[in-house]
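One structure is given below, encoded as structure tokens.
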Amino acid sequence: MSGATSAEHCTSAEVWINTPVNKSFTYRVPDGMRLEPGMRATVNFRGRRVTGYVTSVAQSAPVDPGYELKDVIAAVDQSPIFDERLVTLVQYVAETYLSSAGEAFAKALPSSESSRTRVRTISPRVASLTSVTGELSLRQAEIFKQIESSRPSPHLIYGITGSGKTEIYINMARSVMARGRSVIYLVPEISLSSQIYERLYRVFGESLVLYHSMLSPNRRLENWMKFRRGEAKIVIGTRSSVFMQAPDLGLIIIDEEQDGSYKEQSSPRYSARHIAFYRAKNENAHLILGSATPSVETLYAAERGGITLHTLDERYGNAAMPDVEIVRVKGKGDDISSILKLYTKRAVSQGGQAVYLLNRRGFSPLVMCEDCGAPVECSHCSISMNYHRDRGMLCHYCGSVRPVPRKCAACGSESIVQVGSGTQRIEEMLNSEFPGYRVFRLDQDTARRREAVPDLIDLMDRREIDILLGTQMVSKGFDFPGITLAGILLADIGMNMPDFRASERIVSLLIQLAGRSGRAGGESRVVIQTFNEENEIFSFVRNHDYTGFYRRELETRRALGYPPFGRVARILVRGKNEAEVIEASGELGNGIDSIIAGGSLRVEKLGPSPAPFTKIGGNYRYQMILKAPATAEFVPVIKEALENFRSGKVYVEVDIDPVDML
């Protein structure tokens, strides 16, 4: 049989494949092929050519494997791109998040076809390699000294927006690199990495590399190898950067540590924050988490002594926090209130800039029947479609597109109207309301253009933008000194989601967006538009009192047993046939109940029940929520239940410590 060889007297390799099957596969290494542990290899797996990850090579095949070995087709790399430390980390990820090690390898490693390729180095648009950090304030210097002089351990810098957390990060990175050790600097968004990269490049020059999914595969691998070899000592990137290997890792920084973007949404559904804790402990490295709105779990751990807490209560340079004004809007036709228009004109006329946040994409998000109120829903998903001027009706979950209907599917009425506004419509309104003002829109659609964020940074710095309009990404860490006004167009979005983190998420978003205003000092303002100005959370935002919100939220979580007072796992069963999904989720749920009862375990199961978004992409979705004092209580339960569960008609997703319950 061509491509298969007897197992006797040959060199074999143990290869992990990106498949849910959690075991390695043995392949024969052809004579003359150079293959080492830590290299990738092309192999035939179930009739397909795939990339595998080699963890061992033996000079003689396993004793009587009972089958003929397939040959490795080719070695992808000329030399190893990972070592035993990554193998250990990958095994930990697989065990913690109930995935296969092969799936974890695929998430951890770059996907370039070959490490032989060299790519042209492109430097960022900076004038010179000069320090961009000024003198540290007394409080900043105190925190820096405390962290630098401590044994490697986790630290939280809880500092208001504009308080100078980045300056502490940079000084710690310098200190660590001066001792020959390496630094991983995590940011939540690709768009944010561009501005931070240009700033850090002025300090660290060619010792700095970038790592995120918008880079070409070859660029990612090139930067991976530079960092692994120690040619680059600091990397800035998004969540997958937490896996990058270095000769001697000395520091991991997680900026905006509360952000949900640090949680992977496909298997293995790892938390970069959790992996950072594990790596810092095992590699004797410092870990610094920073935020103006730390996650409830992180702040609670800091108060209990598991993380050293440092606070920054004043803005750098003694700049004042902006005044916050809550404005009630009535709905249709009131997208930009008269008060916000007035403050916008005042800010721009005085040489300032404004930032508007709308937590949506599209021209007009909802199209609905004026007579019966039924929205236009996706035929594949149980959610409303959005109207996009250039594409018509679009489902943001499965990508389905359709024209705007002439009649209501529910009642037959022809009174189809657009309700609410998306970023495209708001952009048109701004251009109409403020003729001559320079408006820049930053959302998921415009950010796909590779140069969108660098162009934004350049134009904002040169004061060639008057109004920056965007979705959530404009609230995440951008530092534009010219902004003196921040406007949140509809703060109510997201408040009533069936998710125990909904309140925390919206308060964090509002406080973070408010923090974009007035960072350079002088008069600054925030206008928050809402349908319900009496909502309690606005008092916390108005007073910049995240700690007060945290105290209230903590009591709610305590009463319900949610994190940080317990751990949560979500099991989602999905499939094309709803009856089969209901039957399978019931069967799996009964199996979990039996295991819990038989072991007298402290595990509570909720469901199965329809997921909040019951249908996405033609798949029906039912879920169960497990709660326990620790993951060690429910992980064995889930593992045993899945081993006993047999159904090829549905797909089961397991999410440990989920950040999204929809």
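The values are calculated or read from the model by the stated rules, or taken from the named source; none is laboratory data. Just so you know, these numbers come straight off a predicted model, no measurement behind them. Every residue, glycine as well, gets a Cβ built from its backbone with ideal geometry; the counts of neighbours run over all protein chains shown. Areas reflect the complete protein model, heavy atoms only, side chains present, ligands, DNA and RNA absent. Shrake-Rupley method; radii C 1.70, N 1.55, O 1.52, S 1.80 Å.
Show the residues, 5+ positions off or on another chain, whose built amide H is closer than 5 Å to the amide H of residue 393.
Long-range HN contacts for residue 393: 388, 402, 404.
Could you list the residues of the stretch 301-327 with an amide nitrogen less than 14 Å from a label point located 7 Å from the Cα of residue 554 in the Cα-to-C-beta direction?
The answer is 301-307, 309.
Using a 1.4 Å probe, how large is the accessible area of residue 544, given in Å² and rounded to the nearest 10?
60
For the stretch 556-590 and the stretch 238-300, what is the separation of their C-alpha centers, rounded to whole Å?
Their Cα centres are 26 Å away from one another.
For residue 646 and residue 545, what does the FRET efficiency come to when R0 = 60 Å and r is the distance between their Cβ atoms, rounded to the nearest 0.05?
E(calc), rounded to 0.05, equals 0.70.
Can you tell me which aspartates and glutamates have their Cα less than 18 Å from the Cα of residue 70? Leave out same-chain residues fewer than eight positions away.
List returned: 8, 14, 31, 36.
Leaving out ligands, DNA and RNA, what percent of the accessible area of the chain is carbon and sulfur, probe 1.4 Å?
C and S atoms contribute 47 percent here.
Check the straight Cα-Cα distances from residue 345 and name the aspartates and glutamates below 15 Å, setting aside those fewer than 8 residues away within the same chain.
433, 466, 523
Can you list residues whose amide H is under 5 Å from residue 156's amide H, if they're 5+ apart or on another chain and H is modeled 1.01 Å from N?
It is 289, 308, 309, 310, by chain and number.
If DNA, RNA and ligands are ignored and the probe is 1.4 Å, what is the ranking of 83, 371 by accessible area, most exposed first? Present the calculation step by step, with values, prior to reporting the outcome.
Details: 83 50, 371 105 Å².
Result, largest first: 371, 83.
Alpha carbon centre of the stretch 616-662 versus the stretch 146-211: separation in Å?
Going from one Cα centre to the other spans 36 Å.
If I model a spin label as a point 7 Å beyond the Cα along the Cα-Cβ vector, how far apart are those points for residue 22 and residue 88 in nm?
Label at residue 22, label at residue 88, 2.0 nm between them.
How large is Rg over Rh for the stretch 133-259, taking Rg from the Cα atoms and Rh as the Kirkwood inverse mean of 1/r across Cα pairs?
Using only Cα positions, Rg/Rh for the stretch 133-259 is 0.95.
From the square roots a ≥ b ≥ c of the eigenvalues of the alpha-carbon gyration tensor of the stretch 410-561, which class results: rounded (a/c under 1.5), prolate (a/b over b/c), or oblate?
Taking the square roots of the gyration eigenvalues as a ≥ b ≥ c, the stretch 410-561 is oblate.
What do you get for the angle between helix 502-514 and the principal long axis of the chain? Use alpha-carbon atoms, 0 to 90 degrees, nearest ten.
60
How large is the accessible surface of residue 70 in square angstrom, using a 1.4 angstrom probe and rounding to the nearest 10?
Only protein atoms counted, so the area is about 70 Å².
Just need the relative contact order of the chain here, percent rounded to a whole number, with Cα pairs under 8 Å and 6+ apart.
Relative contact order here is 12 percent.
For 264, 583, 36, 536, what's the largest-to-smallest order of accessible area, 1.4 Å probe?
Order by accessible area, largest first: 583, 536, 36, 264.
Rounded to the nearest 0.05, what FRET efficiency is calculated for residue 653 and residue 579 with R0 set to 25 Å and r the Cβ-Cβ distance?
So the FRET efficiency works out to roughly 0.80.
By its C-alpha gyration tensor, with a ≥ b ≥ c as the square roots of the eigenvalues, how is the stretch 299-347 shaped: rounded for a/c under 1.5, else prolate for a/b larger than b/c, else oblate?
Since a/c reaches 1.5 but b/c is at least a/b, the shape of the stretch 299-347 is classed as oblate.
Hey, if we sort 158, 437 by accessible area with the 1.4 Å probe, largest down, what's the order?
Highest to lowest solvent-accessible surface, that is 437, 158.
Mind checking the per residue accessible area of the chain for me, 1.4 Å probe, whole number of Å²?
42
Collect residues whose amide H, placed 1.01 Å from N in the peptide plane, falls under 5 Å from the amide H of residue 76; neighbours closer than 5 in sequence don't count.
40, 41, 42
May I ask for the angle, rounded to the nearest 10°, between helix 165-178 and the longest principal axis of the chain, with both axes built from Cα atoms and the value confined to 0 to 90°?
30
Using the structure shown, list the pairs from 23/649; 476/615; 145/233; 165/476; 615/649 with a Cα-Cα distance above 19 Å, or answer none.
23/649; 476/615; 145/233
Using only protein heavy atoms and a 1.4 Å probe, report how much of residue 163 is accessible, in Å² to the nearest 10.
0
Can you bin the stretch 438-524 into rounded, prolate or oblate? Criterion: square roots of the alpha carbon gyration tensor eigenvalues sorted a ≥ b ≥ c, rounded for a/c under 1.5, prolate for a/b above b/c, oblate for the rest.
oblate
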